1. Rounded, prolate or oblate: which one fits region A:20-76, using the alpha carbon gyration tensor with axes a ≥ b ≥ c (rounded when a/c is under 1.5, else prolate when a/b beats b/c, else oblate)?
2. Other chains' Cβ within 10 Å of B:133-139 residues: what's the mean?
3. For region B:37-171, what is the convex hull volume of its Cα atoms per residue in Å³?
4. For peptide A:44-51, how many partner chain Cβ atoms fall within 10 Å of a residue's Cβ, on average?
5. Arrange the peptides A:7-19, B:16-28 so that the one whose residues have, on average, the most other Cβ atoms within 10 Å appears first.
6. Over the Cα atoms of region B:209-291, Rg to Rh with Kirkwood Rh, two decimal places?
7. Apply the a/c threshold of 1.5 to the C-alpha gyration tensor of region B:124-243 and tell me whether it is rounded, prolate or oblate.
8. Output the peptides B:448-461, B:248-261, B:186-199, A:24-37 sorted from most to least packed, where packing is the average of other Cβ atoms within 10 Å over each peptide's residues.
Amino acid sequence: MSHQSRETDERHARDDARMTDEVEILMALIKARYGDRLTPEQVDGVRLGVQGVVEAVTALRAVRLANADEPHPPFSPVRTGE
Amino acid sequence: VTASPVFTTLRDLARRVREREVSPVALAEIFLDRLERLGPRYNAVVTVTRARALETARRAERDIATGRHRGLLHGIPYGAKDLLATAGGIPTTWGAAPLREQRFDLDATVIRRLDEAGAVLCAKLAMVELAGGMGYRQPNASFTGPGITPWNLDAWSGGSSSGSGAAVAAGLVPFAIGSETWGSILGPAGYCGITGLRPTYGRVSRHGAMALSWTLDKLGPLALTAHDCGLVLDAIAGPDLADPSAANRPFRYDDSPVGGRRFRFGVLRGVTDGCEPAVVAAFERSLEALRTIGSIEDITLPDLPWEATTRIILWAEASSAFEDLIESGQIAGLTAPEDRHAPYARDAILAKDYIKAMRLRGVMAREIDRVLSRLDALVAPGRPTVAPPLGQEFRSAIRGTVNDVMGAIGNGAGLPAVIVPNGVGDRGLPTSLQLMGRAWGENTILAAARVYQSLTDWHLRHPAVE
């Protein structure tokens, strides 16, 4: 294994561990809020969903945006009666 | 002998009504009978609105008899997805068992506009519960049962406008209204072998429609042809003070002949990756047909997380839109077991990540407009597969189990798309072609789809219903 590929593997392993940590922290929040109404099988299903969320937001976080890249659609003030 | 009005285009039906070959009441009776008799076979109908239909049809008959003809939709029956509010005690169930008795005291703007055009509401059509916003994984996700495509009774009609697709394909109504947040018009139209139009976001008022995602939801027609979709869009489009997202851009459907116009089409690189072989073969045949009316170029987009962007927006907004149902635990009464718990996972979306998705959406909208500004349409297979079997978990771009860059960008950037049948795949099920255009470019993609349908006959084929 080359030095570069070992570094890549190590970075992926760190990223995976970070994502797993995030999933478990978010699961703790969800269990605190809704745990009393979920069966163990449903908790497993929710965990899959949270993994999907973390994978998606990890992809979003990897993109660098400029300060001027504002949310779309932009906010629009309201003045009724006109 | 008068030809059957079933599987007849709107233009032909309108001519028959105008020339009094058939009366609006007789027309309504024919389609009401089909909805009541055949609708259950496809789990396509929630409520047949017989009393309202006959009252509207009688009014149309009187108006037309006295020379007050309101246009091409006057006296024409239709169905509406059951997320559009209807007054008069008619339930609006959103496809969800806990809401099967829900009623509103208003008509959605789309229903009102079709009423003003003289169209005759004959049925509230079945849909996936809460328009699929809870994360369903299987066709059986509605209290009316899984939607069934008329082409194969063991296959799904698609979601979430399941009944709108099946009802048009089976000739239960000449046209229907559906909604799309991500795939809910194109999916059922594709699986049912009909034509569907997803308008530009803001083209059609959402007032009175169930909200799944305020910044992604669109309402549009499903019908037999692209021309029919244009006629319906003409009636329902336009600004609406009751919906601030309805753009102040009047729309008139342009059905003038395209003559010798040459279209400019684009194909995203890798757009057929993961598609079934029969879908790829049908798409290649479609490209051959399109080459006779225009040019086709390969398009490469920047490598950005398009699907994740639209997915996070949809999930976060759905979580908020259905906060009451989720927090109260009412979702435990939904049909699909996964819909009873999957929504809780959306609490894991942080505000900063949702806003990042909304910022990336701006990048997405600009990038795709840059591409489309020199094209008439991006073309792609309408669906990567034919309709999946009823009893099987299906793959979904919203859940991330299949790629759908066209759907992610088209819905994320709010772009119009038309889907047309383009072949037959496995198990005798239809394949489809989609044409996606620039924002507010419905007339362009409808023109291209009309020409495509003039070159092919897939839209003239109908399932053996009786």
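The numbers here are math on the coordinates, done by the rules we state, and not lab data. Computed from a prediction, not measured in an experiment: that's the story for all the values here. Virtual Cβ from ideal backbone geometry, glycine too; neighbours counted across all protein chains shown.
1. On the way: a/c = 3.34, a/b = 2.19, b/c = 1.52.
Note, shape of region A:20-76 comes out prolate.
2. Working: counts 0, 0, 4, 0, 1, 0, 0.
Neighbouring Cβ atoms belonging to other protein chains average 1 per residue here.
3. Details: hull volume 13.9 nm³, N = 135.
Normalising the Cα hull of region B:37-171 by residue number yields 103 Å³.
4. Working: counts 1, 9, 9, 2, 5, 12, 6, 3.
The mean count of partner-chain Cβ atoms within 10 Å per residue comes to 6.
5. On the way: A:7-19: 10.9, B:16-28: 17.8.
Those peptides, ordered most packed to least, come out B:16-28, A:7-19.
6. Details: Rg = 17.6 Å, Rh = 16.6 Å.
Reported Rg/Rh, Kirkwood definition of Rh: 1.06.
7. On the way: a/c = 2.19, a/b = 1.26, b/c = 1.75.
Cα axes put region B:124-243 in the oblate bin.
8. Working: B:448-461: 18.6, B:248-261: 11.9, B:186-199: 32.1, A:24-37: 14.1.
Put in order of decreasing packing, that is B:186-199, B:448-461, A:24-37, B:248-261.
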